[in-house]
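A short worksheet on the structure shown next.
The values are calculated or read from the model by the stated rules, or taken from the named source; none is laboratory data. Owing to the predicted nature of the structure, the values given are computational and were not obtained by experimental measurement. Ideal geometry is used to build each Cβ from the backbone, glycine not excepted, and the neighbour counts take in all protein chains shown. All accessible areas refer to the heavy atoms of the entire protein, side chains included, with ligands and DNA or RNA removed. Shrake-Rupley method; radii C 1.70, N 1.55, O 1.52, S 1.80 Å.
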Amino acid sequence: PPEKEFFCLRQQRLARERVERVLALLQANLAEPPSLEEISRHVGCSQFYLSRTFSAEMDQTIPQYLRHIRLQRAAELLKSGKYNVTEAALEVGYNSLSHFSQAFYQAFGCCPGLYPLKTPTQKRLAGADA
């Protein structure tokens with residue numbers, strides 16, 4: 001029961017719950033993510049505390065996580081064959097095709113127009129599975 005929970009364990013649990021709410025909020029709003037101020041208001045803590053807690057729990061900042069999930073979603077859209085590069089970029093919230101292409105290349109080792117052909121990242125991952 002919460003009343004018998006140690007303070008430090010309660011704080012850890014609350015931090016995890018806040019981070020989980022942030023993850024869900026960002027997943028639901030990839031194309032137009034809320035600002036850090038809006039996110040912190042939504043989860044009920046200060047921006048500074050939320051940033052620090054998120055980084056400690058996830059080993060990355062909120063913007064880094066957002067970029068990661070946007071690019072993962074874009075890769076899924078491109079792999080489906082139903083979206084071209086521009087559509088995928090816009091769908092996940094990139095307004096600049098050059099910024100999207102640069103970020104995609106950094107994440108996957110190929111330009112989005114060639115994805116999902118065998119990329120260096122996919123080759124490394126396939127080799128790790130073998």
Both in Å, the radius of gyration and Dmax of the C-alpha trace of the chain are 17.9, 56
Multiply the residue gap between K4 and A24 by 0.36 nm, knock off their C-alpha separation, and tell me the result in nm, one decimal place.
4.3 nm
Between E17 and T61, what is 0.36 nm times their sequence separation minus the Cα-Cα distance? Round to one decimal in nm.
14.2 nm
For S80 and E38, extending 7 Å from Cα along the Cα-Cβ vector and measuring point to point gives, in nm, a value of 2.3
Which angle between 0 and 90 degrees, to the nearest 10, do you get for helix 120-129 versus the longest principal axis of the chain when only C-alpha atoms count?
70
So, taking all protein chains as they sit and a 1.4 Å probe, how much accessible area belongs to F6, in Å² rounded to tens?
150
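Tell me the relative contact order for the stretch 2-66 as a rounded percent, counting alpha carbon contacts under 8 Å between residues six or more apart. The partial results should precede the final answer.
On the way: 29 pairs, mean separation 19.1, N = 65.
RCO, the stretch 2-66: 29 percent.
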Relative contact order of the chain (C-alpha contacts under 8 Å, at least 6 apart) in percent is 18
